[in-house]
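What follows is a single structure, written as C-alpha coordinates, with notes after it.
The values are calculated or read from the model by the stated rules, or taken from the named source; none is laboratory data. Remember, it's a predicted structure, so these values are computed and weren't measured experimentally. Cβ: placed from backbone, ideal geometry, glycine included. Neighbour counts: every protein chain shown. To get the accessible areas, we keep the full protein, side chains included, count just its heavy atoms, and leave off ligands, DNA and RNA. Shrake-Rupley method; radii C 1.70, N 1.55, O 1.52, S 1.80 Å.
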Amino acid sequence: MPDPSLTLISHPLCPFVQRAAIVLLEKNAPFERINVDLSAKPDWFLALSPTGKVPLLKVHQTDDEDAILFESVVICEYLEETQGGASMYPDDALQRARQRAWIEFATQTLADGWQFLNATDPATADAKRAAFRDRLRKLEAELGSGPYFAGAAFGMVDAVYGPLFRYFMIIDSAVSQPIFEGLPRVSAWREALAARASVKDAVVADYADRFRDHLRQHGAFIAA
(Lines give C-alpha, C1' and ligand atoms only; values in the text may rest on other atoms or scores of the structure.)
Protein backbone atom coordinates (compact mmCIF):
# COMPACT_ATOMS: atom_id res chain seq x y z
CA MET A 1 0.00 0.00 0.00
CA PRO A 2 1.51 3.38 -0.94
CA ASP A 3 2.21 5.98 1.69
CA PRO A 4 -0.60 8.51 2.14
CA SER A 5 -0.08 11.79 0.32
CA LEU A 6 -1.12 13.79 3.39
CA THR A 7 0.85 14.14 6.63
CA LEU A 8 -0.68 15.91 9.63
CA ILE A 9 2.00 17.38 11.89
CA SER A 10 0.45 17.41 15.30
CA HIS A 11 0.55 17.66 19.06
CA PRO A 12 -1.58 15.22 21.10
CA LEU A 13 -3.42 17.95 23.06
CA CYS A 14 -3.83 20.67 20.43
CA PRO A 15 -7.50 21.42 19.66
CA PHE A 16 -6.59 23.05 16.34
CA VAL A 17 -4.94 19.83 15.16
CA GLN A 18 -8.12 17.98 16.10
CA ARG A 19 -10.14 20.14 13.70
CA ALA A 20 -8.01 18.97 10.79
CA ALA A 21 -8.04 15.36 12.01
CA ILE A 22 -11.84 15.39 12.24
CA VAL A 23 -12.17 16.63 8.65
CA LEU A 24 -9.66 14.05 7.41
CA LEU A 25 -11.64 11.31 9.14
CA GLU A 26 -14.97 12.63 7.83
CA LYS A 27 -13.52 12.59 4.32
CA ASN A 28 -12.05 9.09 4.78
CA ALA A 29 -8.75 10.51 3.59
CA PRO A 30 -5.70 8.36 4.44
CA PHE A 31 -3.06 10.33 6.29
CA GLU A 32 0.02 9.94 8.42
CA ARG A 33 0.19 11.73 11.77
CA ILE A 34 3.46 12.93 13.30
CA ASN A 35 3.48 14.45 16.79
CA VAL A 36 6.05 17.05 17.79
CA ASP A 37 7.16 18.18 21.23
CA LEU A 38 6.17 21.85 21.35
CA SER A 39 8.27 22.42 24.46
CA ALA A 40 11.39 21.47 22.49
CA LYS A 41 10.51 22.17 18.87
CA PRO A 42 12.79 20.30 16.47
CA ASP A 43 14.65 22.26 13.80
CA TRP A 44 12.90 20.46 10.95
CA PHE A 45 9.54 21.56 12.35
CA LEU A 46 10.61 25.19 12.79
CA ALA A 47 11.86 25.17 9.21
CA LEU A 48 8.40 24.13 8.01
CA SER A 49 6.11 26.16 10.29
CA PRO A 50 6.08 29.95 9.77
CA THR A 51 4.30 30.40 13.12
CA GLY A 52 6.05 27.67 15.09
CA LYS A 53 2.62 26.16 15.76
CA VAL A 54 0.63 23.08 14.81
CA PRO A 55 -1.19 21.89 12.82
CA LEU A 56 0.76 21.66 9.62
CA LEU A 57 -0.44 19.64 6.66
CA LYS A 58 2.25 18.31 4.36
CA VAL A 59 0.86 17.63 0.89
CA HIS A 60 3.02 15.29 -1.17
CA GLN A 61 3.76 16.57 -4.66
CA THR A 62 4.84 13.93 -7.17
CA ASP A 63 7.11 16.12 -9.28
CA ASP A 64 7.90 18.94 -6.88
CA GLU A 65 8.80 19.75 -3.29
CA ASP A 66 6.08 18.84 -0.77
CA ALA A 67 3.70 21.70 -0.03
CA ILE A 68 3.11 22.84 3.57
CA LEU A 69 -0.18 24.32 4.75
CA PHE A 70 -0.61 25.99 8.14
CA GLU A 71 -3.56 27.40 10.14
CA SER A 72 -6.30 24.92 11.01
CA VAL A 73 -9.19 26.54 9.14
CA VAL A 74 -7.08 26.89 5.98
CA ILE A 75 -6.20 23.20 6.20
CA CYS A 76 -9.84 22.25 6.73
CA GLU A 77 -10.95 24.35 3.75
CA TYR A 78 -8.29 22.73 1.55
CA LEU A 79 -9.47 19.28 2.58
CA GLU A 80 -13.07 20.24 1.86
CA GLU A 81 -12.08 21.34 -1.64
CA THR A 82 -9.82 18.40 -2.52
CA GLN A 83 -11.10 15.30 -0.74
CA GLY A 84 -14.13 13.11 -1.36
CA GLY A 85 -16.99 12.40 0.97
CA ALA A 86 -20.00 14.52 1.82
CA SER A 87 -19.66 18.28 1.58
CA MET A 88 -19.17 19.96 4.94
CA TYR A 89 -20.79 23.21 3.79
CA PRO A 90 -24.27 23.93 2.39
CA ASP A 91 -24.70 24.70 -1.30
CA ASP A 92 -26.22 28.12 -0.64
CA ALA A 93 -23.60 30.91 -0.64
CA LEU A 94 -25.32 32.93 2.09
CA GLN A 95 -25.56 29.92 4.40
CA ARG A 96 -21.89 29.09 3.75
CA ALA A 97 -20.93 32.63 4.68
CA ARG A 98 -22.99 32.50 7.88
CA GLN A 99 -21.34 29.24 8.89
CA ARG A 100 -17.88 30.66 8.21
CA ALA A 101 -18.77 33.58 10.48
CA TRP A 102 -19.60 31.15 13.31
CA ILE A 103 -16.30 29.40 12.66
CA GLU A 104 -14.60 32.76 13.18
CA PHE A 105 -16.67 33.19 16.35
CA ALA A 106 -15.11 29.94 17.59
CA THR A 107 -11.67 31.56 17.88
CA GLN A 108 -12.52 33.73 20.89
CA THR A 109 -14.95 31.14 22.24
CA LEU A 110 -12.10 28.65 22.41
CA ALA A 111 -9.82 31.28 23.96
CA ASP A 112 -12.35 32.06 26.72
CA GLY A 113 -12.96 28.38 27.39
CA TRP A 114 -9.25 27.55 27.46
CA GLN A 115 -8.46 30.47 29.75
CA PHE A 116 -11.20 29.34 32.15
CA LEU A 117 -9.91 25.78 32.19
CA ASN A 118 -6.33 26.92 32.80
CA ALA A 119 -7.04 29.76 35.24
CA THR A 120 -4.89 29.46 38.35
CA ASP A 121 -6.98 31.65 40.64
CA PRO A 122 -10.73 31.88 41.35
CA ALA A 123 -11.15 35.47 40.17
CA THR A 124 -9.76 34.69 36.70
CA ALA A 125 -11.74 31.46 36.56
CA ASP A 126 -14.98 33.30 37.37
CA ALA A 127 -14.36 36.01 34.77
CA LYS A 128 -13.47 33.57 32.02
CA ARG A 129 -16.37 31.27 32.93
CA ALA A 130 -18.75 34.20 32.51
CA ALA A 131 -17.19 35.21 29.19
CA PHE A 132 -17.36 31.65 27.89
CA ARG A 133 -20.96 31.18 29.00
CA ASP A 134 -21.94 34.46 27.31
CA ARG A 135 -20.60 33.09 24.03
CA LEU A 136 -22.49 29.83 24.56
CA ARG A 137 -25.69 31.84 24.99
CA LYS A 138 -25.14 33.36 21.55
CA LEU A 139 -24.63 29.90 20.08
CA GLU A 140 -27.81 28.72 21.84
CA ALA A 141 -29.78 31.42 20.04
CA GLU A 142 -28.38 30.32 16.65
CA LEU A 143 -28.84 26.56 16.97
CA GLY A 144 -31.92 24.79 15.63
CA SER A 145 -33.32 21.35 16.34
CA GLY A 146 -29.97 19.64 15.77
CA PRO A 147 -28.40 17.29 16.29
CA TYR A 148 -25.64 19.30 14.61
CA PHE A 149 -25.07 23.00 14.10
CA ALA A 150 -27.08 23.24 10.88
CA GLY A 151 -29.42 20.30 11.41
CA ALA A 152 -29.06 16.66 10.42
CA ALA A 153 -25.77 16.92 8.52
CA PHE A 154 -22.39 17.10 10.27
CA GLY A 155 -20.48 20.07 8.87
CA MET A 156 -17.41 22.25 9.19
CA VAL A 157 -18.81 24.25 12.12
CA ASP A 158 -19.21 20.98 14.03
CA ALA A 159 -15.62 19.97 13.26
CA VAL A 160 -14.39 23.29 14.62
CA TYR A 161 -16.36 23.22 17.90
CA GLY A 162 -15.99 19.51 18.66
CA PRO A 163 -12.49 19.81 20.21
CA LEU A 164 -13.62 22.67 22.47
CA PHE A 165 -16.61 20.84 23.88
CA ARG A 166 -14.49 17.72 24.46
CA TYR A 167 -12.75 19.46 27.37
CA PHE A 168 -16.03 19.82 29.21
CA MET A 169 -16.78 16.12 28.85
CA ILE A 170 -13.50 15.36 30.64
CA ILE A 171 -13.46 17.74 33.60
CA ASP A 172 -15.54 17.20 36.75
CA SER A 173 -19.25 17.44 35.91
CA ALA A 174 -19.72 19.60 39.01
CA VAL A 175 -17.58 22.20 37.22
CA SER A 176 -18.93 21.79 33.68
CA GLN A 177 -22.64 21.28 34.35
CA PRO A 178 -23.40 24.80 35.65
CA ILE A 179 -21.78 26.31 32.56
CA PHE A 180 -24.27 24.54 30.29
CA GLU A 181 -27.35 24.89 32.51
CA GLY A 182 -30.24 26.60 30.74
CA LEU A 183 -28.63 25.97 27.35
CA PRO A 184 -30.47 22.87 26.10
CA ARG A 185 -29.54 23.22 22.44
CA VAL A 186 -25.84 23.72 23.13
CA SER A 187 -25.94 20.82 25.61
CA ALA A 188 -27.56 18.50 23.05
CA TRP A 189 -25.07 19.64 20.41
CA ARG A 190 -22.18 18.94 22.75
CA GLU A 191 -23.50 15.40 23.36
CA ALA A 192 -23.98 14.76 19.63
CA LEU A 193 -20.43 15.88 18.86
CA ALA A 194 -18.98 13.72 21.64
CA ALA A 195 -20.70 10.67 20.10
CA ARG A 196 -19.47 11.30 16.54
CA ALA A 197 -16.86 8.75 15.44
CA SER A 198 -14.60 11.33 13.78
CA VAL A 199 -14.58 13.50 16.90
CA LYS A 200 -13.78 10.54 19.15
CA ASP A 201 -11.07 9.21 16.83
CA ALA A 202 -9.35 12.59 16.34
CA VAL A 203 -7.42 12.16 19.61
CA VAL A 204 -5.17 9.51 21.12
CA ALA A 205 -6.78 6.85 23.33
CA ASP A 206 -5.38 8.32 26.56
CA TYR A 207 -6.30 11.92 25.69
CA ALA A 208 -8.47 12.46 28.78
CA ASP A 209 -5.66 11.40 31.10
CA ARG A 210 -3.18 13.59 29.24
CA PHE A 211 -5.48 16.59 29.53
CA ARG A 212 -6.10 16.06 33.25
CA ASP A 213 -2.32 15.78 33.75
CA HIS A 214 -1.89 19.05 31.86
CA LEU A 215 -4.35 20.84 34.17
CA ARG A 216 -2.64 19.49 37.29
CA GLN A 217 0.84 20.39 36.07
CA HIS A 218 -0.33 23.85 35.08
CA GLY A 219 -1.82 24.42 38.54
CA ALA A 220 -5.30 25.01 37.14
CA PHE A 221 -7.82 26.17 39.74
CA ILE A 222 -10.44 23.62 38.59
CA ALA A 223 -7.94 20.75 39.05
CA ALA A 224 -7.26 21.60 42.69
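Filter region 75-128 down to the residues that are among the acidic types (Asp, Glu) and over 16 Å from Gly155 (Cα atoms), then identify the one that is farthest from the chain's Cα centre (by Cα).
Asp121
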Exercise. Do you know which residues across region 204-222 are among the small types (Gly, Ala, Ser) and assigned to a loop (DSSP other than H, G, I, E, B)?
Worked result: Ala205, Gly219, Ala220
Exercise. When you look at Ser87, is it modelled with pLDDT under 95 and either among the β-branched types (Val, Ile, Thr) or part of a loop (DSSP other than H, G, I, E, B) (or both), yes or no?
Worked result: no
Exercise. Which condition breaks for Pro178 when tested against (1) open to solvent by less than 30 Å² (accessible area, probe 1.4 Å); (2) part of a helix (DSSP H, G or I)?
Worked result: (1)
For this session: Identify the residue in region 120-143 that is free of Cβ contacts under 8 Å to residues at least 12 places away in the same chain and of a type in the set (Gly, Ala, Ser) and, among all such residues, is farthest from Leu164 (Cα to Cα).
Result: Ala123
For this session: Would you mind finding the one in Leu79, Leu117, Leu94 that is in contact (Cβ under 8 Å) with a residue 40 or more places away in the chain, more than 30 Å from Gln217 (Cβ to Cβ) and in a helix (DSSP H, G or I)?
Result: Leu79
Seminar exercise, completed: When restricted to Val17, Val74, the only residue exposed (fewer than 15 other Cβ atoms within 10 Å of the Cβ), not basic (Lys, Arg) and not in a loop (DSSP other than H, G, I, E, B) is Val74
For this session: Would you check which residues across region 82-106 are loosely packed, with under 13 Cβ neighbours inside 10 Å and of a type in the set (Val, Ile, Thr) and list them?
Result: Thr82
Seminar exercise, completed: Selection over region 191-207 where residues are over 12 Å from the mean Cα position of the chain (by Cα), open to solvent by less than 30 Å² (accessible area, probe 1.4 Å) and under 13 Å from Tyr167 (Cα atoms) yields a count of 1
Exercise. Out of Ala153, Ala141, Ala159, which single residue is part of a helix (DSSP H, G or I) and surrounded by fewer than 18 Cβ atoms within 10 Å (Cβ to Cβ)?
Worked result: Ala141
Exercise. Mind checking which residues of region 60-73 are aliphatic (A, V, I, L, M) and over 21 Å from the mean Cα position of the chain (by Cα)?
Worked result: Ala67
Exercise. Considering only residues of region 151-206 that are in contact (Cβ under 8 Å) with a residue 40 or more places away in the chain and of a type in the set (Ser, Thr, Tyr), which is farthest from Pro122 (Cα to Cα)?
Worked result: Ser198
For this session: Being in a loop (DSSP other than H, G, I, E, B), open to solvent by less than 80 Å² (accessible area, probe 1.4 Å) and in contact with a helix residue (DSSP H, G or I) (Cβ under 8 Å, 6 or more places away or on another chain) is the filter here, so list the residues in region 32-68 that pass it.
Result: Val36, Gly52, Val54, Pro55
For this session: Could you grab me the full set of residues in region 162-199 that are more than 22 Å from Ala150 (Cα to Cα) and of a type in the set (Gly, Ala, Ser)?
Result: Ser173, Ala174, Ser176
